[in-house]
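Please treat every number below as a calculation from the coordinates, not as lab data. Everything numeric here is computed off the predicted structure, so don't read it as measured data. Reconstructed Cβ throughout: ideal geometry from the backbone, glycine too, with neighbour counts over all protein chains shown.
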Amino acid sequence: MISSSTAKISEFFSICLHLVHESGRIIQSVYDSKDFEKQWKGKDDPVTQADIHVQTLLSTGLRFFYPQIKIVGEEDVEFKGNLNYDFSKINKALIPDALYQKGNNEFDLEESIVWIDPLDGTLSYVNHELDAVCTLIGVSYKKRPILGMVGEYYKRNADGTTFSYDPKVFFGHKDTKAVHYVYDHELMSPTSGFMGEGSMIPWELKPHENVDIEKNFRVVCTQHRIDEKMIARMNEINGKYVKMGGSGHKINQVIEGKSDCYFYDRPGTKKWDTCAGEAILLALGGILTGMKGDVYEYTGDNDDLPNKDGVLAMLNKEHHEKIIKITKEFKL
């Protein structure tokens, strides 16, 4: 337990890396069992036992170290089984302090909210489209994202139809202006510090090669909720679109330079879908707004959870400004 009103960023990310690793194990175990215990919260909005189990793990783990922390999660029920996880064995020094020496290696717990999406891309998960599946942990401070961690668990194989469990976790701090990542198999190395003491040096995400956005504007959009109106609007901004599931996965496409824009022209996503990814985008100099160009505030109020103006996420701020001139005229 950490009784201070502040948290060290390096310790927070160290704790979250352990929890995301265990989350992936749970998600894979439930998938292998083929027993999703699927329920429907709404149209095209399922919840599985993996969602509930992982959210309970994340909330319990974070409160073990930070009892006073405010958490907003997607699911409103708790897992009733035994978590079978010893939080006291988590190595809080896994990520070295040195990564955050350029700024203040602390954030204020009292003015922060942790946003959890335990299994982003649940509809894709139950449809066996596994590369969309992520766990998202974001932190907002004074209503704006500052810290983000995105765990992606599966990669699509060369045949295009099967998937391999191969977790990769991204994390970033807005003020440090750096994003790092680790592979799950590296965490499990005897020398990584994950299983005991010591620290590991994660990979730093380097800026990707610039592409000519004016000629080839790559857009990633929803796979399951696309319609003719959305297609027409993406054509209007000259976007060459690719469909896929999961808000976190789509933001990650922008973060990794595989797409230039995440485009969602309507309400539907919530703050837990975007906080983690937006924090990482901000660390890379990018931007996430609604279609009208306004940034979102992460207040934690129930009536403020939806991203009412949709999502437009990009790394290139100048091109974002050009696109906003078009999208702000959209009737949402």
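So here's what we get for this one:
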read-out	value
Segment 34-125: trypsin sites (Lys or Arg not before Pro) in DSSP coil with no more than 10 other Cβ atoms inside 10 Å	Lys34, Lys43, Lys80
Rounded to whole Hz, the Karplus (6.51, -1.76, 1.60) HN-Hα couplings of segment 280-290, x for glycine and proline	5, 4, 4, 5, 8, x, x, 7, 9, 9, x
Built amide H within the under 5 Å cut-off of Trp203, gap 5+	Tyr181
Asp131, Asp301, Asp120 arranged by Cβ crowding within 10 Å, fewest neighbours leading	Asp301, Asp131, Asp120
J(HN,Hα) series, segment 59-66, from Karplus relation 6.51 cos²θ - 1.76 cosθ + 1.60, nearest Hz, glycine and proline x	5, 5, x, 5, 6, 4, 8, 10
Separation in nanometres of the label points that stand 7 Å from Cα toward Cβ, at Asp35 and Asp159	2.8
Student exercise, segment 217-327 dipole from Lys, Arg, Asp, Glu Cβ charges, in Debye to nearest 20	440
Surrounding net charge for Asp131, when Lys and Arg each add one and Asp and Glu each subtract one, Cβ distance under 9 Å	0
Neighbour-count ranking [beta-carbon atoms within 10 angstrom, fewest first] of Ser33, Ser259	Ser33, Ser259
FRET efficiency, Val242 to Phe330 (Cβ-Cβ, R0 25 Å, nearest 0.05)	0.75
Value of relative contact order over the chain, rounded to a whole percent, pairs C-alpha under 8 Å and six or more apart	16
Difference of contour (0.36 nm per residue) and Cα-Cα distance, Asn82 to Tyr183	33.6 nm
Virtual spin-label span in nm between His128 and Thr299, 7 Å along Cα→Cβ	4.5
Calculated FRET value between Lys215 and Asp166, using beta carbons and R₀ = 41 Å, to 0.05	0.80
Relative contact order computed over segment 95-232 (Cα-Cα under 8 Å; 6+ residues apart), in percent	15
At R0 = 45 Å, FRET efficiency that the Cβ-Cβ distance of Phe64 and Lys102 yields, to 0.05	0.95
Neighbour-count ranking [beta-carbon atoms within 10 angstrom, fewest first] of Ile9, Ile27, Ile213	Ile213, Ile9, Ile27
Qualifying trypsin sites (Lys or Arg not before Pro) in segment 201-291, DSSP loop, other Cβ atoms within 10 Å at most 10	Lys215
Gained length - Ile231 relative to Thr6, 0.36 nm times residue gap less alpha-carbon distance	76.4 nm
P(r) tail fraction, segment 293-332 - alpha-carbon pairs more than 13 Å apart, %	58
Of Lys229/Lys325; Lys174/Lys292; Lys215/Lys317; Lys89/Lys142, those spanning more than 20 Å from alpha-carbon to alpha-carbon	Lys174/Lys292; Lys89/Lys142
Inverse of mean 1/r across different Cα pairs in the chain, Kirkwood, Å	20.0
Whether segment 217-327 is rounded, prolate or oblate, judged on the alpha carbon gyration tensor where a/c under 1.5 counts as rounded	rounded
